[in-house]
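Peer 1: Quick one: structure below, then a few questions.
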Amino acid sequence: MNEFMKKVKAGEKPVGIFFELASMNAAECLGRCGFDYMIIDNEHGTFEGETTVDAIRGAELSGITPFVRVREISRPAIMKPLDVGAKGLIIPFVERVEDIRNIVKWAKYTPIGNRGYCPSRKDGWGCDYPSDESMSVAMNYWNEETLVIPQCETAGCLSHIEEIASMDGVDGIFIGPYDLSIGLGIGGEFDDPVFKKALERIKTACHKAGKFVIIFTANPDAAPGYFAEGYDSVTAGLDFNFYISACKDAAKRAKA
Ligand code: 3PY
Ligand code: MG
């Protein structure tokens, strides 16, 4: 079973981080910091196909689960990170139920979707199949092993969240608070009751459908509060913020 899913099912409260720095040495360092997963950010970060696969290798080497946030809702943007070894996809800016139908079609093999089949890096170039019994055994294996996690961060997605969360092929939902607040016309006003009600609606929809829900915060100290409220996972920050603040602090202390 997918390592992240295993932890969610065991109630272990996995914590992740966005990986933006795009240095493969940084990927290896991040794997040694205690996070459960890192999200290689193809939306806001500087990654391309080749740098994404190297970051996945770095994550694998240091034992942290590699997720990829895709750049857009298109077949190549969704299929390629899975073929090179991502264990889950975060899909930004979903607005319609139709978007989810396409995402599932491209990310899950038949009978759930219609993902294109080819041996690739994900299965050791065809040498590491979980079973040599049949293609359908392999397809079922990968459908479970690679998670589809659309972001709820638009008013459109929020208005259909009950339907979206219950769709076959959607493993969980990732809340993007920045964009969701903008979409609700209250950018950055995270204490606004409208925003809080939206979060509650998403969490309830996910749990009613038996799906997990992840929330992002830039502040790691907020994570325990989110776990207490019942979120299954928290993505607690962007790597460069920690890098900058630790380096600034080191320089300041050295010059004191
Ligand atoms: C958001 O808050 O909009 C996100 O996508 C988290 O990075
Ligand atoms: Mg966003």
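Peer 1: Have a look at THR51, THR46 and point out the one that is β-branched (Val, Ile, Thr) and surrounded by fewer than 16 Cβ atoms within 10 Å (Cβ to Cβ).
Peer 2: Only one candidate passes the filter, namely THR46.
Peer 1: May I pose another question? Between a residue in segment 157-174 that is touching a residue at least 24 places away in the same chain (Cβ under 8 Å) and any residue that is among the hydrophobic types (A, V, I, L, M, F, W, C) and part of a loop (DSSP other than H, G, I, E, B), which pairs come within a Cβ distance under 7 Å, given they are 6 or more apart or on different chains?
Peer 2: These pairs meet every condition: CYS157/VAL94; ILE164/VAL170; ALA165/ALA209; SER166/ALA209; ASP168/ILE112; GLY169/ILE112.
Peer 1: For segment 20-73, give me each residue that is within 15 Å of ligand 1 (Cβ to nearest atom) and within 13 Å of ALA86 (Cα to Cα).
Peer 2: Once the filter is applied, which keeps residues that are within 15 Å of ligand 1 (Cβ to nearest atom) and within 13 Å of ALA86 (Cα to Cα), segment 20-73 yields TYR37, MET38, ILE39, ILE40, ASP41, ASN42, PHE67, VAL68, ARG69, VAL70.
Peer 1: Could you list, in sequence order, all residues of segment 148-161 that are assigned to a strand (DSSP E or B) and more than 9 Å from ligand 1 (Cβ to nearest atom)?
Peer 2: Residues satisfying the conditions are VAL148, ILE149, PRO150, CYS152.
Peer 1: Quick test for you: out of PHE212, PHE227, pick the one residue that is in contact with a strand residue (DSSP E or B) (Cβ under 6 Å, 6 or more places away or on another chain) and at pLDDT 95 or above.
Peer 2: PHE212
Peer 1: If you take the residues in segment 12-31 that are surrounded by fewer than 18 Cβ atoms within 10 Å (Cβ to Cβ) and at pLDDT 95 or above, which one is farthest from SER233 (Cα to Cα)?
Peer 2: GLU12
Peer 1: Could you please tell me which pairs satisfy a Cβ distance under 6 Å, a separation of 6+ or placement on different chains, a first residue in segment 30-56 that is in contact (Cβ under 8 Å) with a residue 24 or more places away in the chain, and a second residue that is within 16 Å of ligand 2 (Cβ to nearest atom) and acidic (Asp, Glu)?
Peer 2: Hits for this filter: ASP41/GLU20; GLY45/GLU20.
Peer 1: In addition: So if I check each of GLY187, GLY169, GLY126, GLY176, which one is within 15 Å of ligand 2 (Cβ to nearest atom), within 27 Å of GLU3 (Cα to Cα) and small (Gly, Ala, Ser)?
Peer 2: Answer to the check: GLY176.
Peer 1: Considering only residues that are more than 30 Å from ASN143 (Cα to Cα) and charged (D, E, K, R), look in segment 171-203 and name the one that is farthest from ligand 1 (Cβ to nearest atom).
Peer 2: Taking the candidates together, the pick is LYS197.
Peer 1: Could you look through segment 142-161, keep only residues that are charged (D, E, K, R) and away from ligand 2 (no atom under 16 Å from the Cβ), and pick out the one that is farthest from the chain's Cα centre (by Cα)?
Peer 2: GLU144
Peer 1: Hey, can you tell me all the residues within segment 54-83 that are crowded, with 20+ Cβ neighbours inside 10 Å and either in contact with a Pro (Cβ under 7 Å, 6 or more places away or on another chain) or among the aliphatic types (A, V, I, L, M) (or both)?
Peer 2: ALA55, ILE56, ALA59, ILE64, VAL68, ARG69, VAL70, ILE73, ILE78, LEU82
Peer 1: Pairs, please: C-beta under 6 Å, at least 6 apart or cross-chain, first residue free of Cβ contacts under 8 Å to residues at least 60 places away in the same chain and in segment 225-239, second part of a strand (DSSP E or B) and buried (at least 21 other Cβ atoms within 10 Å of the Cβ)?
Peer 2: Filtered contacts from segment 225-239: TYR226/ILE215; TYR226/VAL234; TYR231/VAL213; TYR231/ILE215.
To keep it simple, each residue is scored yes or no on (1) under 15 Å from the mean Cα position of the chain (by Cα); (2) part of a loop (DSSP other than H, G, I, E, B); (3) surrounded by 15 or more Cβ atoms within 10 Å (Cβ to Cβ).
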site	(1), (2), (3)
GLU163	no, no, no
MET167	no, yes, yes
SER181	no, no, yes
LYS197	no, no, no
THR204	no, no, yes
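Peer 1: Please indicate, with yes or no, whether at least one residue in segment 101-113 is closer than 29 Å to CYS33 by Cα and in contact (Cβ under 8 Å) with a residue 12 or more places away in the chain.
Peer 2: Within segment 101-113, none of the residues are closer than 29 Å to CYS33 by Cα and in contact (Cβ under 8 Å) with a residue 12 or more places away in the chain.
The values are calculated or read from the model by the stated rules, or taken from the named source; none is laboratory data. Worth saying up front: this structure is predicted, and the values here are computed from it rather than measured. Reconstructed Cβ throughout: ideal geometry from the backbone, glycine too, with neighbour counts over all protein chains shown.
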